[in-house]
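*Asks:* I have a structure here, written as structure tokens, and I will follow up with some questions on it.
The values are calculated or read from the model by the stated rules, or taken from the named source; none is laboratory data. Since the structure is predicted, the reported quantities are computational estimates derived from the model, not experimental observations. Please note: Cβ atoms are built from the backbone with ideal geometry, for glycine as well, and neighbour counts cover all protein chains shown. To get the accessible areas, we keep the full protein, side chains included, count just its heavy atoms, and leave off ligands, DNA and RNA. Shrake-Rupley method; radii C 1.70, N 1.55, O 1.52, S 1.80 Å.
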Amino acid sequence: MDHKLRAIIFDMGNVLMTFDGPSIAAHFTDTPADATLLQSALFGSTMWSLLDSGTITHETMLRYAENHLPERLHPNLHECFSRWPEHSQPLQAVNELGIRLKREGLGVYVLTNANTRVMDQLGHAPVIPYVDGVVVSAIERLMKPDPAIFTLLCERYGLDPASCLFVDDNADNCIGARVAGLHAHHFTGDVAALEATVQELR
């Protein structure tokens, strides 16, 4: 079988869109100390991963965070919880690469560990109008690096894993992709290195 590169699969956070919990929390608080409290109760909490897994609801996440913050910070928490995606910005060079690869004939997909309101963040990615499919952990009740979520994406969209390149800023997620039979690139911010990997596989 021809395993020439046919599709590229992007992670969202810190690949297509920035995600920096401490920086986001600072937008919704007045002091570094309060930003640290908010970050710890929300983005830095183990419950955030449960939200991304689809195990808990947004309401449960909010109640948990409230119970880990002084009452004076509850308004800050509510505003942050509602508006934080506004502070996630596109990584332009990666989005531009995805658009160019789509125009050159490759399939373009997104596979992300994210909650069910994913499009509040992902919807701002310039590549989204060009994407052929999106798989979200909270919707599927599967999370990277479980190889099963990569297999699910490939089966859903009729892709040969060996013809796919997965791109993620988390090395463990890349290992999960490789276990599922995909190629993987650990993205560290070097777009030239990512482009070189693409060219090697074409």
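*Asks:* Mind telling me which of the residues ARG117, ARG100 ends up being part of a helix (DSSP H, G or I) and surrounded by fewer than 20 Cβ atoms within 10 Å (Cβ to Cβ)?
*Replies:* ARG100
*Asks:* Here's something else I'd like to know. All but one of (1) open to solvent by less than 60 Å² (accessible area, probe 1.4 Å); (2) under 13 Å from the mean Cα position of the chain (by Cα) hold for LEU142; state the number of the condition that does not hold.
*Replies:* (2)
*Asks:* Which residues, taken from segment 120-130, are open to solvent by 10 Å² or more (accessible area, probe 1.4 Å) and closer than 18 Å to PHE19 by Cβ?
*Replies:* Of everything in segment 120-130, those that are open to solvent by 10 Å² or more (accessible area, probe 1.4 Å) and closer than 18 Å to PHE19 by Cβ turn out to be ASP120, GLN121, GLY123, HIS124, PRO126, ILE128.
*Asks:* Identify the single condition in (1) under 27 Å from SER45 (Cβ atoms); (2) aliphatic (A, V, I, L, M); (3) in contact (Cβ under 8 Å) with a residue 60 or more places away in the chain; (4) part of a helix (DSSP H, G or I) that ALA125 does not satisfy, given that it satisfies every other one.
*Replies:* (4)
*Asks:* Related question: Would you be able to say whether some residue in segment 59-74 is open to solvent by less than 40 Å² (accessible area, probe 1.4 Å), under 15 Å from the mean Cα position of the chain (by Cα) and closer than 25 Å to ILE149 by Cβ?
*Replies:* no
*Asks:* Right, something else. Being in a loop (DSSP other than H, G, I, E, B) and either touching an Asp or Glu at 6+ places or on another chain (Cβ under 6 Å) or on the phi > 0 side of the Ramachandran plot (or both) is the filter here, so list the residues in segment 161-202 that pass it.
*Replies:* Within segment 161-202, GLY181, PHE187, GLY189 meet the criteria.
*Asks:* Can you run down the residue pairs with Cβ atoms below 9 Å, 6 or more apart or on separate chains, where the first is in segment 69-97 and on the phi < 0 side of the Ramachandran plot and the partner is among the charged types (D, E, K, R) and part of a loop (DSSP other than H, G, I, E, B)?
*Replies:* Qualifying pairs under 9 Å: ASN76/ASP30; PRO85/ARG117; HIS87/ASP20; SER88/ASP20.
*Asks:* Here's another thing I want to ask about it. Looking only at residues that are loosely packed, with under 13 Cβ neighbours inside 10 Å and among the small types (Gly, Ala, Ser) in segment 172-192, which one is farthest from the chain's Cα centre (by Cα)?
*Replies:* My answer is ALA192.
*Asks:* How many residues does segment 151-174 contain that are closer than 21 Å to ARG141 by Cβ, of a type outside the set (Phe, Trp, Tyr), in contact (Cβ under 8 Å) with a residue 24 or more places away in the chain and out of contact with any helix residue (DSSP H, G or I) (no Cβ under 8 Å at 6 or more places or on another chain)?
*Replies:* Adding up the residues that qualify gives 4.
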